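The values are calculated or read from the model by the stated rules, or taken from the named source; none is laboratory data. Keep in mind that this is a model prediction, so the values were computed, not measured. Every residue, glycine among them, receives a Cβ derived from its backbone with ideal geometry; neighbour counts consider all protein chains shown. Protein only, heavy atoms only, side chains kept; ligands, DNA and RNA dropped before computing areas. Shrake-Rupley method; radii C 1.70, N 1.55, O 1.52, S 1.80 Å.
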Amino acid sequence: MKNQAPGIDVRPSEIDGKGCFATIGFKKGRKIAEYEGEKISRREIARRLKGRKRIHICGLNSYWAIDGRAGNGTQYINHSCNPNCYVRTIHDHILFFALRDIEPGEEILLDYEQSYHSDRKQCSCGAPNCRGRINKIAGNSKE
Ligand SMILES: [Zn+2]
């Protein structure tokens with residue numbers, strides 16, 4: 001992988017395929033890394049979502065998104081219903097911050113809330129508060 005962000009490492013994850021793990025501690029509120037990739041339009045998003053099993057697209061707004069397929073390791077941040085990081089979009093930059101103190105070796109996890117995955121896609125995060133689906137939708141409840 002080229003230009004992997006400092007402080008993170010990509011390794012197999014128990015949640016899904018590969019995951020993004022902290023190699024250093026991140027204090028609550030600290031920036032972890034930026035989501036890097038190619039800026040693509042809504043039309044291109046639709047084209048790329050077709051037939052792709054793994055999605056590494058993160059929305060900037062209702063029109064633009066970043067495809068992190070060739071990104072810096074943050075494209076492997078898995079979804080969890082009990083996350084330890086959150087995302088802020090500042091201008092054209094998608095930034096991950098620590099939601100709480102993160103210890104070295106912990107997997108970095110984000111609540112995707114509304115992703116490009118199907119609303120039916122099941123969640124396998126294993127958290128006690130798992131809502132059963134990756135996307136947060138009205139009427140989404142524990143099963
Ligand atoms: Zn879950």
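Below are the figures for this structure:
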read-out	value
Sites Asp101 and Arg69 - FRET efficiency at Förster radius 30 Å, r taken between beta-carbons, to 0.05	0.50
Amide hydrogen neighbours beyond the local backbone of Ser115, cut-off 5 Å, H modeled	Lys136
Counting DSSP beta bridges with both ends in the chain, the antiparallel % (nearest 5)	90 percent
For the chain, with +1 on Lys and Arg beta carbons and -1 on Asp and Glu, the positive-most of Ala65, Leu95, Ser80 along the dipole	Ala65
Sparse-neighbourhood loop sites, GluC sites (Glu not before Pro) in the range 1-69 - DSSP loop, at most 16 other Cβ within 10 angstrom	Glu14
Net lengthening on full extension, Ser62/Asn3 (0.36 nm per residue, minus Cα-Cα)	18.5 nm
Residue-wise HN-Hα coupling along the range 93-109, computed from phi with Karplus coefficients 6.51, -1.76, 1.60 (Hz; x: Gly, Pro)	10, 9, 10, 9, 10, 6, 7, 8, 4, 10, 8, x, x, 6, 6, 7, 10
Close Lys-Lys pairs in the chain, where close means Cα under 17 Å and separation is 8 or more or interchain	6
Student exercise, the chain dipole from Lys, Arg, Asp, Glu Cβ charges, in Debye to nearest 20	520 debye
Chain lengthening between Lys27 and Gln114 when straightened (0.36 nm per residue, less Cα-Cα)	28.7 nm
Computed E for Cys130/Lys50 - FRET, C-beta separation, R0 35 angstrom, nearest 0.05	0.75
Peptides ranked, highest mean first, by Cβ atoms within 10 Å: ranges 73-86, 122-135	73-86, 122-135
Label-point separation, Asn82 to Lys121 (7 Å along Cα→Cβ), nm	2.2 nm
Amide H contacts of Ile108 (H built 1.01 Å from N, under 5 Å, at least 5 apart or other chain)	Cys20, Phe21, Ala22
Volume of the Cα convex hull of the range 8-110, divided per residue and given in Å³	95 Å³
Per-peptide average of other Cβ atoms within 10 Å, ordering 91-101, 46-56 highest first	91-101, 46-56
Per residue accessible area in Å² of the chain, where ligands, DNA and RNA are left out and the probe is 1.4 Å	59 Å²
